[in-house]
Amino acid sequence: MNAEQILFILFGAVSLIGAVAVISFRHPIYSALSLVVTFFAQAGLFLLLGAHFVAAVQVIVYAGAIMVLFLFVIMLLNLGTLSVKGAIGGKLKGFAIILGILLAIEGIYIATNVLNNTAIAAAQPATAAPNTTTYDIGELLFSKYLLPFEVTSLILLAALIGVIVLVKRSSNDSI
Amino acid sequence: MENLPFSVLIISSIVKILFIAHLLIIGVMAMIWAERRVSGWMQDRLGPNRVGFQGILQPIADGIKFLFKEDLIPDHVDKPLYVLAPAMVLIPALVTIAVVPFGSSITVLGHEISLQVADINIGILYILAITSLGVYGVVLGAWASNNKYSLLGGLRSSAQMISYELTLGLAIIGVLMLTSSLHLRAIAEAQGAYPWHWNFLIHFPAFLAFTTAMFAETNRLPFDLAEAEQELVAGYHTEYSSMKFAMFFMAEYMHMIVGSAVTVTLFLGGWHFFGLENIGGPVWSGVISFGIFFAKTAIFLFVFIWVRWTLPRFRYDQLMNFGWKFLLPVTLTSIVVTGTLWIITGSRLVVGIGNAVAGFIVVSIVAGLLVMDAPKPAMQDSDNPLTPTALNAIE
Amino acid sequence: MELQYYLILSALLFTTGVIGVLVRRNAIIIFMCIELMLNAANLAFVAISRSLGEATGQVFVFFVMAVAAAEVAIGLAIIVSVFKHRETINVDEVNSLKG
C-alpha cells in the first residue's frame, strides 16, 4: 500500500459516508454539512488525480458558494421547526433501495468491464500522465471550447434574470 | 523547496510552521493590546495601561479571565454544532497563512530555505477557497444558538460574505493577468523593489475594492452588521461564553492579520522595499526581508484600527448597495481595462493610468445614477427641509 | 491508482444520490442529492481526464459547475416562492400547477 492508495481509501470512504449521511439525516442543516464534507473529500480526490485547479474551484464554488446558499435558505425558511415528514413509507422505501442497489451494480459493471474495451482503456498512460496545469485548462477553454464557454455564460445570465423575476413577483404578491 | 534533503525539508517545515503559527497567536495578542491603546489614543483617552509596562500584559490578563470563566452551554442550543462552530471559524483563519510567503529565503547550514510554509502553485486560489469557508462557523454558530438575534446576525453575515467574496475574487484578476501566475511567491517577486512598480499603483481601483471587501470579510467596523451591538445584542456570538467566545474573538483578529499579509503580498510588494532586502548576505537578507514584510503588515493593521474609529457602521441596504453597485462594477471595469490596455500597449504605466481613470469614471456614473434614482425619504423631517437625499444614496 | 476504482466510487456516489432523490420528500434534500450526482459525474470526468492525460475532462467539470451554480440559484428561488405560497416544501404536497 503506498501513500496514494491510502489517501484514496481515506477520501473515498469519507465521501461515501458523507453521501450516505446526506440522505439519512433528518434535519436539512446536518444534511447540508454532510454534503460539504463529501465535497471536501472529493476535492482531495481531485488533488490525488493531479487536478489542482479543479480541486480549488470545487471548494470555492461548491463549499464556498453553493452550500452557503443552501444553508441560507434552510435558515431563512427555518425548516427545522417545520419538520417535513422526512421520507416515504416502508414498502416504497425498500423498493427504492433495491432499485438503487441494482443501479450501483450496473455502474460497477460498466466501470470494471465495459470500459476495458473502449478507447479509454486503450489509451492508459494512467499513472504516468503529468499533472494538468491551470494553463492547459485555460488554453482549451478559450480555444477549442470557446463556444460552450460562451453558452455557459448565457446560461448564467438566464439564471440571473430568472431568479430576479421569481423574487420580484413573490415580493409583489406579499405586498 | 529545491533539492533539499528529506530530513532538512521535514525539520525546516516544522520549524517554519511552529514559528508562523505562534507568531500569528502572539500577533493576535499584540493586536488586542494595540487596538485598545490606539483606540484610546484616537479618542484622547488612555486605554488599558495598568498590567505590565504600558498595559502590555493586558491580553494575557484577558486570556486568563476567559480561561477561568464558566464554559456555559445553554439548554436550548443544538449542541454538536454549537461546539463545532468556534473551531470552524478559527481553523480557516489559521491555515490561510500557510501559503503566504513572509520573506525571501534564508540560508542555514548551506541549505537555502524559502520563508514560506507551503509553496503551492495555486496559492491564490487556495486563499480564496479557505476564506470562503470562514462563513460556515459564523452561520452555524448563529443557527445553533437557537436565538433570534444570533440567527439574524448569521443571515446578515452569510449574505454579506457571499456578496463581498465576488469582489475579493474579481479584484485580484487584474494582478493575475499581469503576473500570469497563481503563485504567490511569483506575484510578490514580479513586483520588484520600488514602490512605484507595486501592484497597488497599477491596479489602484482594484486595490481599494480588495481592501474594502477584506474589511467586509473580516466583519470589521464599517461592515460589522453581523454583530451590530445596538440592533442584535452581539450577533452570532451572543450565546457564547468563556473560551468559545475567545475563539471567535481570536479568529477575527487572525483574519485581520492574514488578510493584511495577503494584501501586502498581492498589492504592496511583499517583502521588497528599495532593495533593502538584498543587503546583508544570504542569512541576514532573509531576516531583513521578513522584517520588511512584518512592518508592512503591521502598518496595514494600523489602518484597520484607524478605519474603525473613522467610519460609522453601514445600514444593511447601504452595505448591499455598496457591494453590488460600486465595488462590483469597479472591479469588472478594472479587469476589462487592464486586459485591453495590456494587450494593446504592454506598458504598466498606461495600464495604471487607464485603471485609475476608468475607476473614477465608473464611480461617478454609478453615483450619478444612484442620485437620480434615489427615492425621496418617506418620513421627511419637516423641521429640516434640506434632508441630504443624495448623500444617503451614496453612502 | 487504477481508473476503475475511481469510476466505481463515482458510481456508488451517484447511486447514493439517486436513492436520496427517490426516498426523501424534502425538496431541499432532493436538491442536495442532485448536486451529489453532478459531483459523482465530475469525479468520473476528472479520473478519465487523468487516465487520458489531457485536460478536456477538467474543462467539462468546469461547465458542470457553472450549470450547477445556475441550477441551484433558480431552484432555491423556486423553493422559496413555493414555500411562501404553500408553507411546505414536501414534494408530494406540491402537486398542482396552479398556485
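Some values worked out for this structure:
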| item | result |
| --- | --- |
| Single match in C:Glu93, C:Glu54, C:Glu71 (criterion: among the acidic types (Asp, Glu) and in a helix (DSSP H, G or I)) | C:Glu71 |
| Per-region count, the stretch A:49-64, residues more than 8 Å from chain B (Cβ to nearest Cβ), open to solvent by less than 10 Å² (accessible area, probe 1.4 Å) and closer than 16 Å to B:Ile162 by Cβ | 1 |
| Residues (open to solvent by 50 Å² or more (accessible area, probe 1.4 Å) and hydroxyl-bearing (Ser, Thr, Tyr)) located in the stretch B:308-354 | B:Thr310, B:Tyr316, B:Thr340, B:Thr345 |
| Some residue of the stretch A:109-121 being more than 30 Å from C:Thr56 (Cβ to Cβ), modelled with pLDDT under 65, at the interface with chain C (Cβ under 8 Å from one of its Cβ atoms) and surrounded by 14 or more Cβ atoms within 10 Å (Cβ to Cβ) | no |
| Those residues of the stretch A:18-60 which are within 15 Å of C:Met32 (Cβ to Cβ) and over 13 Å from the mean Cα position of the chain (by Cα), in sequence order | A:Val20, A:Ala21, A:Ile23, A:Ser24, A:Phe25, A:Arg26, A:His27, A:Pro28, A:Ile29, A:Tyr30, A:Ser31, A:Leu33 |
| Single unsatisfied condition, B:Arg185 versus (1) within 25 Å of B:Asp119 (Cβ to Cβ); (2) in contact with an Asp or Glu (Cβ under 9 Å, 6 or more places away or on another chain); (3) within 14 Å of chain A (Cβ to nearest Cβ) | (3) |
| C:Ile79 assigned to a helix (DSSP H, G or I), open to solvent by 20 Å² or more (accessible area, probe 1.4 Å) and within 7 Å of chain A (Cβ to nearest Cβ) | no |
| Answer from C:Asn42, C:Asn26 - the residue that is more than 7 Å from chain A (Cβ to nearest Cβ) and open to solvent by less than 30 Å² (accessible area, probe 1.4 Å) | C:Asn42 |
| Matching residues in the stretch B:40-97 - criterion: being more than 15 Å from B:Thr238 (Cα to Cα) and either in contact with a strand residue (DSSP E or B) (Cβ under 6 Å, 6 or more places away or on another chain) or among the hydroxyl-bearing types (Ser, Thr, Tyr) (or both) | B:Thr96 |
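The values are calculated or read from the model by the stated rules, or taken from the named source; none is laboratory data. What you are looking at is a predicted structure, and each value in this text was computed from that prediction instead of being measured. When we count neighbours, we look across all protein chains shown, and the Cβ atoms used for this are built from the backbone with ideal geometry, even at glycine. Surface accessibility is based on the protein's heavy atoms, side chains included, excluding ligands, DNA and RNA. Shrake-Rupley method; radii C 1.70, N 1.55, O 1.52, S 1.80 Å.
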